[in-house]
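Worksheet: the structure to be examined is printed underneath.
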Amino acid sequence: MIASSVLLVALNLAISQNGEPQSNEQILDRAQAAFQLGVKLRGTPEESKHFQLAADHYEQLRRRSLQSPALFLNLGNAYLLAGDIPEAILTYRRGLQLNPNNLEMRANLAYARDQVVYSSPDSFARPPESLWPPWLPRWTPGMSLGATFLFYAISWIGLAHRMAFRPGSSPWLPGIGAAGVLCFAIVFFFQMRAEKTEAEHPAVVISADQTYLHKGNHSLYSRAYDMALNRGVEARLLQVRGDWLQIELTGGQVGWVSRKKAIVDLP
């Protein structure tokens, strides 16, 4: 059974190397076949290469703009099982941008982050701990916008009812509506500003161990900090200069790293 699966994956790989056009369904089938073979070979030296092959196929679909939470979950799982923690973290983060309430993807991201080795016992380079309970759904901008329109309607309904039936009554319903509109409009504003900031400063994940932040865009510049960054450390991009990236860690520390030692959340 395993031998036939190996032959199937090898044949699929050979076909893909011929440069012939492939349908999305073919690529997906090959990704799933490689992943399942990796599962069957768990605990053997061969497993990682099959998970990496599955990730390569899923990555082909992503580059075709077939982006969905399910695709990012499968891609992230393939990277994680292949041992590529940086790519797994970045992929899960991409998927959670599409569906912040995917609990499986959020749990897998937390697991991937637990595999990162930090060079300092304090909070240096560590992602901040979320105060949001994991069981509570994330409040998305779409929810805030919907709530804003709902309370806007409530305020007008209350105002119309008061004017038509009870002119002298207390305006508690219009007041609740107006307060709700103000509250959720403010929430929506800050959510959109956060999304804009994230788009302008995309995520960066360190992809090589013993990576140091430098004070300038060259290795000749002195180190900005004595502590090294290892694979999986997350940051955000500030600017690009040649082959160097200026990044900001979650704690606000800023420095430059070689582009060869980091991956960036770019299309």
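Starting from the Cα of Arg63, step 7 Å toward the Cβ, then list every residue of the range 242-267 with an amide N under 15 Å from that point.
Counting only backbone N, you get 266-267.
Glu248 to Gln210: extension gain in nm, 0.36 nm per residue of separation minus the Cα-Cα distance?
Residue separation times 0.36 nm, minus the Cα-Cα distance, leaves 12.0 nm.
Return an integer: the convex hull volume of the alpha-carbon atoms of the range 14-114, in Å³ per residue.
97 Å³
Using DSSP loop states and a limit of at most 10 other Cβ atoms within 10 Å to flag chymotrypsin sites (Phe, Trp or Tyr not before Pro), what is the longest stretch of the chain containing no flagged site?
1-134
Efficiency by 1/(1 + (r/R0)^6): what FRET value for Ser119 and Glu25, r their Cβ-Cβ distance, R0 = 41 Å, to the nearest 0.05?
The pair Ser119/Glu25 has a calculated efficiency of 0.35.
So, in nm, how far is label Thr197 from label Tyr111 when the simple model puts each one 7 Å beyond its Cα toward the Cβ?
3.1 nm
Taking the alpha-carbon distance from Lys215 and a cut-off under 19 Å, which aspartates and glutamates remain once sequence neighbours fewer than 8 residues away in the same chain are dropped?
Asp226, Glu234, Asp243, Glu248
Putting +1 on Lys and Arg Cβ atoms and -1 on Asp and Glu Cβ atoms, find which of Gly38, Trp139, Ser119 reaches farthest to the positive end of the dipole of the chain.
Trp139
Per the 1.4 Å probe, what fraction of the accessible area of the range 203-264, in percent, lies on carbon and sulfur atoms?
About 44 percent, which is the carbon plus sulfur part of the accessible surface.
Charges only on Cβ, +1 for Lys and Arg, -1 for Asp and Glu: so what's the dipole of the range 203-264 about the Cα centre, in debye to the nearest 20?
That gives a dipole near 160 debye.
For Ser219 and Leu159 in one chain, what is 0.36 nm times their gap in residues minus the Cα-Cα distance, to one decimal in nm?
15.0 nm
Given the rule -39500 (n - 2.57) for each run of at least 4 DSSP H residues, summed and divided by the residues of the chain, what is its mean residue ellipticity at 222 nm, to the nearest 500 deg cm²/dmol?
One gets -18000 deg cm²/dmol as the mean residue ellipticity at 222 nm.
Which angle between 0 and 90 degrees, to the nearest 10, do you get for helix 103-114 versus the longest principal axis of the chain when only C-alpha atoms count?
The answer is roughly 50 degrees.
So for the range 203-264, taking the charge dipole from beta-carbon charges (+1 Lys/Arg, -1 Asp/Glu), which of Gly232, Val204, Gly216 sits furthest toward the positive end?
Farthest towards the positive pole: Gly216.
Only four residue types carry charge here, +1 at the Cβ of Lys and Arg and -1 at the Cβ of Asp and Glu. Report the dipole size of the chain about the Cα centre in Debye, rounded to the nearest 20.
600 debye
In Å and whole numbers, how far do the C-alpha atoms of the chain stretch along each principal axis, longest first?
82, 53, 33
Let me make sure I get this right: for the range 203-264, a, b and c are the square roots of the gyration tensor eigenvalues over alpha carbons, sorted descending. Under 1.5 in a/c it's rounded, otherwise prolate if a/b > b/c, else oblate. Which is it?
rounded
At 7 Å along the Cα-to-beta-carbon direction for both Ile263 and Ile176, put a label point, then send me their distance in nm to one decimal.
Once both label points are built, they end up 4.9 nm from each other.
Mind checking which lysines have their C-alpha under 27 Å from Lys49, skipping anything on the same chain fewer than 8 residues away?
Lys40, Lys260, Lys261
Could you give the length gained by full extension between Met143 and Thr44, i.e. 0.36 nm per residue of separation minus their alpha carbon distance, to one decimal place?
Gain on extension, Met143 to Thr44, equals 31.0 nm.
Could you go through the range 32-49 in sequence order and give the Karplus-derived ³J(HN,Hα) for each residue, using 6.51 cos²θ - 1.76 cosθ + 1.60 with θ = phi - 60°, rounded to whole Hz, and x for Gly and Pro?
Values per residue, Gly and Pro as x: 5, 5, 5, 5, 5, 5, x, 4, 5, 9, 4, x, 10, x, 8, 5, 5, 5 Hz.
The values are calculated or read from the model by the stated rules, or taken from the named source; none is laboratory data. None of the values given here were measured: they were computed from a predicted structure. Backbone-built Cβ (ideal geometry, glycine too); neighbour counts: all protein chains shown. Calculation scope for accessible area: heavy atoms of the full protein, side chains included, ligands and nucleic acids excluded. Shrake-Rupley method; radii C 1.70, N 1.55, O 1.52, S 1.80 Å.
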